[in-house]
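What follows draws every value from the coordinates through simple rules; no lab data is involved. Quantities reported herein were computed from a predicted structural model and do not represent experimental measurements. Cβ atoms come from the backbone with ideal geometry, glycine included; neighbour counts cover every protein chain shown.
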Amino acid sequence: MPESRLSTMLSTVIRQQRQLRELNQRQLAELAGVSQATVARVERGDRSPSLPALERLLAAMQVQLTVDVEPLDAHLDARLAEHASRPLAEVIDDLGLDRLLDRLGDLPNLLTGATAAVLQGAPVPAEAVEIALRWRDSARFTSWLEAGYAQRWNARWAEWGGVHIEPEEPGEHRWLTKHGEIRAQMCAELPEGIEVRHGGRGYRVVPLVQVELTDPRAADLLRRHRQRQQAG
């Protein structure tokens, strides 16, 4: 991965997590024990932070970095083509989206990430239902998780369970419930949403342009999708 791309991804993550916690750059710098200039440079993407500095910044916001790999472009093209050929109804059914949303009831939420992208016609792989939730609804969400016999993803051991399910506890916001897998983006307020309709049902989603700004993985796939369209 080119350094410029890595810097962009890291800057997006740091800025997004800081804004979700309603911190300014100075406050984050004080919590992490780094200079405000360091935070500013990282968020601008001028340079990739050292690993110790990155760990301090993330730990100050009670999150941690996970490392993953992705296929090369040729394999990405094959995956995009595969997902473009899948009927949307099939994707919705595989995710258990309608069932899970019905179970959430009146808990305020907004579909985001790959789930929102798929519902807006983007051929990206959606592996779980992704939603945005407000921090002040955390207790209600925890009760919902408990009722759904949820297990939280344990990144340390790469397995489900063995960690506290509450969103406030450190760890990825990713749970396996009896209704399916759900991934949450916790925020102070829900972002502006739009409604898309399919099969006589309306879905409240984050607009595609906002997905690109907040989800680096989905953004890479969407950019690749547009490049393929332009080349075609």
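What to note about this one:
- Scanning segment 137-157 for residues that are surrounded by fewer than 16 Cβ atoms within 10 Å (Cβ to Cβ), in a helix (DSSP H, G or I) and either of a type in the set (Ser, Thr, Tyr) or touching a residue at least 12 places away in the same chain (Cβ under 8 Å) (or both) turns up SER138, SER143, GLU146.
- Comparison of GLU55, GLU43 shows that the only residue that is surrounded by fewer than 17 Cβ atoms within 10 Å (Cβ to Cβ), assigned to a helix (DSSP H, G or I), under 23 Å from the mean Cα position of the chain (by Cα) and not aromatic (Phe, Trp, Tyr) is GLU55.
- Figure legend. Inter-residue proximity from segment 202-218: first residues without any contact (Cβ under 8 Å) to a residue 60 or more places away in the chain and within 10 Å of ALA117 (Cβ to Cβ), second residues among the aliphatic types (A, V, I, L, M) and in a loop (DSSP other than H, G, I, E, B), beta-carbon distance below 8 Å, spacing 6+ or different chains. No pairs are indicated.
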